[in-house]
1. What list of ³J(HN,Hα) values in whole Hz, one per residue of region 534-541 in order, does the Karplus curve 6.51 cos²θ - 1.76 cosθ + 1.60 (θ = phi - 60°) give from phi, with Gly and Pro shown as x?
2. Using the structure shown, list the pairs from LYS345/LYS425; LYS345/LYS459; LYS291/LYS382 with a Cα-Cα distance above 18 Å, or answer none.
3. How would you order 824-832, 604-612 from highest to lowest mean count of nearby Cβ atoms within 10 Å?
4. Under the rule of -39500 (n - 2.57) per DSSP H run of 4 or more residues, summed and divided by the residues of the chain, what mean residue ellipticity at 222 nm is obtained, to the nearest 500 deg cm²/dmol?
5. Could you give me the ³J(HN,Hα) list for region 487-499, computed from phi with Karplus coefficients 6.51, -1.76, 1.60 and θ = phi - 60°, whole Hz, x at Gly and Pro?
6. Work out the length of the dipole vector of the chain about its Cα centre, built from +1 on the beta-carbon of each Lys and Arg and -1 on the beta-carbon of each Asp and Glu, and round it to the nearest 20 debye.
7. In nm, to one decimal, how far is the modelled label at ASN303 from the one at ALA368, with both set 7 Å along Cα→Cβ?
8. For the charge dipole of the chain, defined by +1 on Lys and Arg C-beta atoms and -1 on Asp and Glu C-beta atoms about the Cα centroid, which residue among LEU590, ILE101, PRO48 has the Cα displaced farthest towards the positive pole?
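The values are calculated or read from the model by the stated rules, or taken from the named source; none is laboratory data. Please read all numbers here as calculations on a predicted model, not as lab measurements. When we count neighbours, we look across all protein chains shown, and the Cβ atoms used for this are built from the backbone with ideal geometry, even at glycine. Keep in mind that these areas ignore ligands, DNA and RNA; they rest on the heavy atoms of the full protein, side chains included. Shrake-Rupley method; radii C 1.70, N 1.55, O 1.52, S 1.80 Å.
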Amino acid sequence: MLKKVSILTSMLLFSATSALSSTDLQKVMKDRGLTERDVLAAAKTYVPTGMKDEYYVFSSGGQSGQVIVYGVPSMRILKYIGVFTPEPWQGYGFDNESKKILDSGKIRGQEIKWGDTHHPNFSEKNGEFVGDYLFINDKANPRIAVINLHDFETTQIVVNPVLKSTHGGSFITPNTEYVIDACQYAAPLENDWVPIEAYEEKYRGGVTLWKFDYTKGQIDEKESFTLELPPYMQDLSDAGKGPSMGWAFTNSFNSEMYTGGIEKGLPPFEAGMSRNDTDFLHLYNWQILEKLAKDPKNTKVINGHRVVTIEAAVKGGALFLLPEAKSPHGVDVTPDGKYIIIGGKLDTHVTIFDFAKIKEQIDKKEFAGKDSYGIPILDFKKSLHGQLELGLGPLHNTFDEKDGIVYTSLYVDSQVVKWNFRDLKLLDRVNVHYNIGHLDSMEGKSTKPKGKYGIALNKLSIDRFLPVGPLHPQNHQLIDLAGDKMELLYDMPIGLGEPHDVVSIHASKIKPKKTYDKMGTNSRTGEAHEGATLAGQERVERDGNKVKVYMTAVRSHLNPEHIEVNKGDEVTIYITNLERAQDETHAFGLSGLNVHASVEPGKTSSVTFTADLEGVFPYYCTEFCSALHLEMMGYLKVKDPKKQYPDYKAAKVSKMTPEELQKEYNKIVATNKATDDVIQSVVKFLKEKGFEKYPEVKSLVTDALDQYNKIPHEKAKADEAFKAGDMNTAILWENQVWQYMVKTADAGLRAKNLLAKELSTKMSEKARLGEEAYLRGGCNGCHVVGQVSSGPDITGALLRHENGEKFLYNFILDPAKYYSDPYIDAMIKTFNLRMPNQNMKPEEVKNIIEYMKWIDENADLQ
Ligand code: CUK
Ligand code: CUA
């Protein structure tokens with residue numbers, strides 16, 4: 001139902017644009033059934049074409065094993081990054097370089113074809129997010145991946161050598177010293193079979209501290225270690241900061257150490273694991289553990305990996321337990337590092353521990369007891385800052401720029417609650433749809449949260465989207481956190497896996513490359529690729545049955561275009577993309593052989609396969625890169641050396657007569673001349689207008705010149721063939737000259753348009769509306785700016801008549817009145833057309849005249 005237009009709407013309308021009539025907006029609102037609130041939400045999230053989002057959000061991709069990148073506030077998806085699973089578009093898992101990364105994720109030699117990504121996190125400095133690296137864990141197959149945010153590519157996967165499933169990762173210490181990954185389901189640390197009856201004795205949990213080498217951008221497996229923990233089913237974790245720097249915290253949910261057995265008639269896991277009123281928060285000091293791990297007395301080496309024993313950790317004062325309400329889930333340290341907030345799935349409360357109170361007990365060695373593994377237990381009451389009843393199923397927390405403000409997700413109640421962790425006051429709640437897991441406010445998990453927008457990661461979407469069968473997408477909802485009341489703004493379906501968590505970062509902190517600076521870069525290592533091939537270095541090398549092809553890709557050909565191998569050869573093709581222009585990716589797809597690689601400008605990718613099938617296999621560029629993209633192809637021919645093949649003469653050159661050939665030759669030479677004239681006029685324009693001063697334009701010109709400079713070389717070949725009387729070859733090389741001219745013109749014209757945009761005077765609002773009216777009225781059907789068409793050029797029209805402005809104003813409003821005016825009469829005779837009445841409103845005509853003035857002002861840029 002459309003409400004009457006309130007002050008709010010009218011204000012919106014007037015401030016937005018005085019010319020957008022309120023009736024237009026009202027009509028849209030009415031037609032689409034939108035309320036004012038909807039329109040306001042739209043205005044808060046809409047990012048107009050050409051504008052960019054304020055924040056990046058990195059979402060785990062759940063069972064897809066990938067990472068999803070989108071922008072806030074628009075919620076537009078930007079990329080899916082292949083991490084634990086192949087991603088064909090990026091060639092991830094298909095080219096040798098990325099295969100190597102995926103292969104390092106094999107578990108005990110077994111290839112793993114899926115992942116279950118849960119928690120992405122950024123590299124940090126002083127607890128603030130730094131947009132260099134993103135880390136993400138795989139819960140199913142205990143692995144951590146490193147993604148380089150300079151090209152959004154996965155550069156490392158490490159497998160946990162002792163834990164069989166992990167969940168409390170990847171959490172980062174404040175200066176990215178360690179990536180924390182805590183166990184989920186306890187199991188023997190060795191790979192042996194151990195009966196479940198030996199659970200308390202032999203099954204173990206733990207937390208792995210992966211050492212990160214920031215300059216290399218790599219986890220150092222040798223410097224990493226695991227802290228052995230009781231089989232309590234560790235869960236989420238968080239690192240301390242500020243006063244709690246050096247400490248880390250990990251929840252758990254099976255202090256009962258129940259081992260299940262539903263098939264034997266025993267109560268199921270869910271009953272046995274929630275029997276006790278409390279579970280244990282694990283507190284451990286990684287700075288102490290780091291030292292302990294250096295002494296072999298404190299560790300046992302399991303599967304080649306150091307494990308600090310419970311005993312050594314307790315003795316070293318590095319491990320404690322603290323009772324927490326049963327079956328907790330999220331644990332989050334406040335931005336100031338002073339408090340630890342625990343969400344209990346089966347509790348209506350959140351529990352807030354005060355780190356200073358915890359530290360006091362540790363310093364004074366005042367403990368409430370010990371668990372059966374000898375770990376000191378701290379006193380619950382003495383550690384407490386307070387508890388607050390929020391509702392059913394508090395899970396996770398995220399923080400705001402405003403001091404003390406925290407947002408908590410309620411899984412069962414499907415709500416986000418806003419409250420203050422200092423004075424424990426409940427402030428606001430908003431419904432979400434439905435069953436929220438994690439939530440995030442902008443940079444909400446750093447020491448400097450920005451708040452502003454919130455994202456609710458809902459597990460169920462039930463009735464929110466067009467139905468797509470029984471498997472529903474997840475629902476990420478955008479919430480406005482700027483005011484006192486939270487406002488739901490937008491629903492975004494996520495149709496890829498079940499993301500558990502997202503992290504967000506201000507867009508200014510991410511600095512991605514546009515191209516690889518060094519021609520021939522191995523993107524997975526950042527170093528020069530062994531197969532880097534520059535122009536002129538293309539070749540095929542053979543060593544026994546190993547064939548190496550050094551290929552280049554540039555608009556619009558792959559070089560070489562014919563590759564001949566024998567059946568059984570092992571073939572490696574190195575492909576280097578020689579482009580320097582951004583977004584000029586080429587890709588290499590080989591039909592029928594499961595071979596694909598994406599090669600961005602400056603990158604070298606390689607593919608290796610055994611040619612065990614005889615035949616002819618086309619290959620082609622799989623990215624639509626230019627007008628001659630379809631022609632960017634070649635043939636792999638696999639011969640069986642044991643077979644005899646009939647002999648074919650070289651393809652028949654031509655059936656044309658010499659006269660026909662001469663005619664075709666003249667035609668292509670004339671075309672090239674005409675195209676070159678266009679290029680020269682563009683060059684003149686660019687030079688006269690000082691294109692060098694505009695970096696974006698300059699790089700386009702460099703790109704154009706790259707293409708243009710190839711012409712003399714090809715032209716020489718054409719001339720040589722012509723001289724030798726080989727007209728057919730001369731025509732082909734002249735055609736190649738034309739290809740380069742087209743590519744030059746393409747980049748050159750883009751440069752010209754960009755430069756014209758840079759140089760043109762800013763259009764006034766009225767002129768802009770005038771242009772709209774001009775286009776809406778279909779004036780461009782007869783009048784083309786800068787050229788005479790089926791009507792006169794409108795450039796200069798204002799100057800062609802005495803009192804031009806006034807005259808044109810009256811003329812457009814009622815053309816018929818002026819058909820007998822001598823000037824108009826002459827026009828009618830010239831064009832054999834009469835200007836029709838377009839029923840423009842006076843305001844529109846005034847705007848059109850403003851637009852025409854703008855055209856005249858910028859006439860030299862046409
Ligand atoms: S977990 Cu899924 S909702 Cu893996 Cu952080 Cu809580
Ligand atoms: Cu290169 Cu298509």
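1. So the Karplus estimates, Gly and Pro as x, are 9, 4, x, 9, 4, 6, 10, 10 Hz.
2. Details: LYS345/LYS425 21 Å; LYS345/LYS459 15 Å; LYS291/LYS382 29 Å.
Where the Cα-Cα span goes over 18 Å, the pairs concerned are LYS345/LYS425; LYS291/LYS382.
3. Working: 824-832: 12.6, 604-612: 20.3.
Top of the packing list down: 604-612, 824-832.
4. Working: 18 runs with 213 residues, N = 862.
Only helices count here, giving -7500 deg cm²/dmol.
5. 3J(HN,Hα) across region 487-499, in whole Hz: 10, 6, 10, 7, 10, 10, x, 10, x, 8, x, 10, x.
6. On the way: 104 positive and 118 negative charges, 132 e Å.
Computed charge dipole of the chain: roughly 640 debye.
7. Simple spin-label model gives 3.4 nm for this pair.
8. Going by the charge dipole, the pick is PRO48.
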